[in-house]
């Protein structure tokens, strides 16, 4: 059962922020009937729908709606369950058929658990048969899931009549939160005039056609409509990609739509000059945030309204934009994005009608890069085209706009054309063509690199790492100059320096047709010879190494006193007097006699001989020599103290 609160709330339907249903009924003189309308539940007596998916509940639905209609209107509630409808349903004027199925969201089960599901079985094989549900003035479908259990997922799916159709002169037909899982033809608001229709939350995988709008002489509204593979991606979806049309619009006066999406159809949006009596007429409208995904043709414009035409704002389209030979109304795209169509190397392929043809208009749109033979973003042979303030992303040499002989009026100005301004003007004499102020807007790459190590002894193997950043286009080539006559075209090469020296390294990168950019590091790699003695201290650089033992900022191989003990490396040598694996020239106490080399040098003893006499006294025990040295050190320190006290030496 539905709560009393929910029952009280459902009197209002509010598209576009307006309480539409009471207003419409007031205009129709039916306000009193709405106030007295009741709520009827199809599973309650006397209607008695079984909701078991087996029993035919057609009569129960028809009976409940007849009772509601008999009192001027009302709500027929469809509790959660599965209802088999072996016939067809007609919703009377001012009656709402409402279930509890939620609005479809991407990735969800199209038959939501706990929802109100109608099983449609009638009309198999007869596309022109009686529709499953027919609507009248102010008829509403809400919160329903509709499923065709006998439809087949095959390359030749079974044709069925329209799932929903508005009857003649049935204004204000409304669909809210309706999912038609696997319709053959979903919603028909075009066979008869259905003005001021309102669809808010419709999803279906309609295998042949999703929505048909025509003969709408007052503004119809669409919001959040999705046609795509919610049921299958198998053979039936392939049929849809080869034959299906998501949206078809004929005569509609100022249709207002937002977030209408088509995925996996042959044609996303089809615009026609639809039949009306003995004549025909096209339509007009505005659509915001529309999209097509994986559609062969995003837009097939056979015709558009002679004066107003159609405008699309902020859409994203994957499929070719094309027109028929009878198109003459304006067609406009603003701030829309066009991606690579499946199997095509064109975003727009426009053909000529005659001088009555009004322009296709593109402003502030973005066209993605194309692959395939002879890529052309806009291939125009229609009478008039205007392209302004758009951005074209492409590779060097790609044609952005081609104007063929059929073009008599064209404006291609203030566009950014990455990869080069390429506008082919093949128009004939007398054509009024304005092309100018178009720029590439390309940003070149920035070269850079690092290396490890940057110094060492020959032979030295150095790993170079590219640190360049791409611009508008990816970096396509790398050319290295290692400074020794060798080079590489790898992105991250390794190079072996065989000879000593200091080398400057350069990297040149290029992307697209941009001018090559070079980055150079002067004197970047230093290679020493194993036998070189850079500081002439008698110790080979290879032995001294590039370290800095005394932290004076001078590598050992360039430091004549590497350990800063006051004794030149040439005097100390590379030997190891005390056997501690530290060369004498890096050892502050080379003979390990407890006396620093610097003090031994000051005392005139041999810093490399633990038995060297101290103060000229030979043959004394080592302990005595150490004591004597310590005493000498104390005497020196005492002398320094006295001199400081007398002010001779400043502290």
Exercise for the section: Working only within the range 477-511, note down all residues that are farther than 25 Å from residue 459 by Cα and surrounded by fewer than 13 Cβ atoms within 10 Å (Cβ to Cβ). Expected result: 477
Problem - Test for residue 465: is it touching a residue at least 12 places away in the same chain (Cβ under 8 Å) and outside any loop (DSSP other than H, G, I, E, B) - result: yes
Exercise for the section: May I ask you to list the residues in the range 324-338 that are assigned to a loop (DSSP other than H, G, I, E, B), surrounded by 17 or more Cβ atoms within 10 Å (Cβ to Cβ) and within 17 Å of the chain's Cα centre (by Cα)? Expected result: 336
Handout entry: Filtered residues of the range 468-482 (kept if modelled with pLDDT of 95 or more and either within 25 Å of the chain's Cα centre (by Cα) or assigned to a strand (DSSP E or B) (or both))
Key = 478, 479, 480, 481
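The values are calculated or read from the model by the stated rules, or taken from the named source; none is laboratory data. Remember, predicted model here, so these are calculated numbers, not experimental data. In this analysis, Cβ positions are derived from the backbone assuming ideal geometry, glycine residues included, and neighbour counts consider all displayed protein chains.
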